[in-house]
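Q: Provided herewith is a single structure, encoded as C-alpha cells, for subsequent inquiry.
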Amino acid sequence: MNYLIRRILQLIPTFIIATMIAFILFSLVGDPFEGMRQDPRLASQVERLRKIYGYDKDPFTR
C-alpha cells in the first residue's frame, strides 16, 4: 500500500511537467494554417479557421 501511495504522489508532478512541456511545444509550432494560404482555393477560408480555433489571438489568451 505504501508503494502505491508513493507512485501516485510521483505521478502528480510528472503529469504537470509533461502537460507544461506539451503546451510549450505546441505554442512554439506557430500557425498551422499558414501552409493553407499558398493554395488559392483555401486562402479565403484561412482567416475564418484562424478565428474559430483562436489563432488570431496571442498564445497566452488562447
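Q: If you count only protein heavy atoms with a 1.4 Å probe, what accessible area per residue comes out for the chain, rounded to a whole Å²?
A: With the other protein chains kept in place, the chain gives 91 Å² per residue.
Q: Please report, as a whole percent, how much of the solvent-accessible surface of the chain comes from carbon and sulfur atoms (probe radius 1.4 Å).
A: 68 percent
Q: Once R0 is set to 22 Å, what does the formula 1/(1 + (r/R0)^6) return for the Cβ-Cβ distance between GLN10 and TYR53, expressed as a FRET efficiency to the nearest 0.05?
A: Here the calculated transfer efficiency is 0.05.
Q: log10 I(q)/I(0), Debye, Cα-only the chain, no solvent, q = 0.16, 0.17, 0.19, 0.26 Å⁻¹?
A: Per q value, in the given order, log10 I(q)/I(0) is -0.66, -0.70, -0.78, -1.04.
Q: Between helix 2-29 and the chain, what is the angle of the helix's C-alpha long axis to the longest principal axis, kept within 0 to 90° and rounded to the nearest 10?
A: 20 degrees
Q: As I understand it, the value is the acute angle between the Cα axis of helix 43-52 and the longest principal axis of the Cα atoms of the chain; what does it come to in degrees, rounded to 10?
A: Between the helix axis and the principal axis of the chain, the angle is about 40 degrees.
Q: Along the charge dipole of the chain, Cβ charges K/R +1 and D/E -1, which of PHE23, GLN38, LEU49 sits furthest on the positive end?
A: Comparing the listed Cα positions along the dipole, PHE23 ranks first.
Q: Given Cβ point charges of +1 (Lys, Arg) and -1 (Asp, Glu) and nothing else, what value in debye, to the nearest 20, does the dipole of the chain about its Cα centre take?
A: Magnitude of the dipole: close to 240 debye.
Q: Just in segment 10-62: which chymotrypsin sites (Phe, Trp or Tyr not before Pro) are loop by DSSP and have at most 10 other Cβ atoms within 10 Å?
A: For chymotrypsin sites (Phe, Trp or Tyr not before Pro) across segment 10-62 that sit outside H, G, I, E and B with at most 10 neighbouring Cβ atoms in 10 Å, the list reads PHE60.
Q: I've got another one for you. Working with all protein chains in place, sort VAL46, VAL29 by solvent-accessible area computed with a 1.4 Å probe, largest first.
A: From most exposed to least exposed: VAL29, VAL46.
The values are calculated or read from the model by the stated rules, or taken from the named source; none is laboratory data. Source: prediction; values computed, not measured. Ideal geometry is used to build each Cβ from the backbone, glycine not excepted, and the neighbour counts take in all protein chains shown. Only protein heavy atoms, including side chains, enter the accessible area calculation; ligands, DNA and RNA are left aside. Shrake-Rupley method; radii C 1.70, N 1.55, O 1.52, S 1.80 Å.
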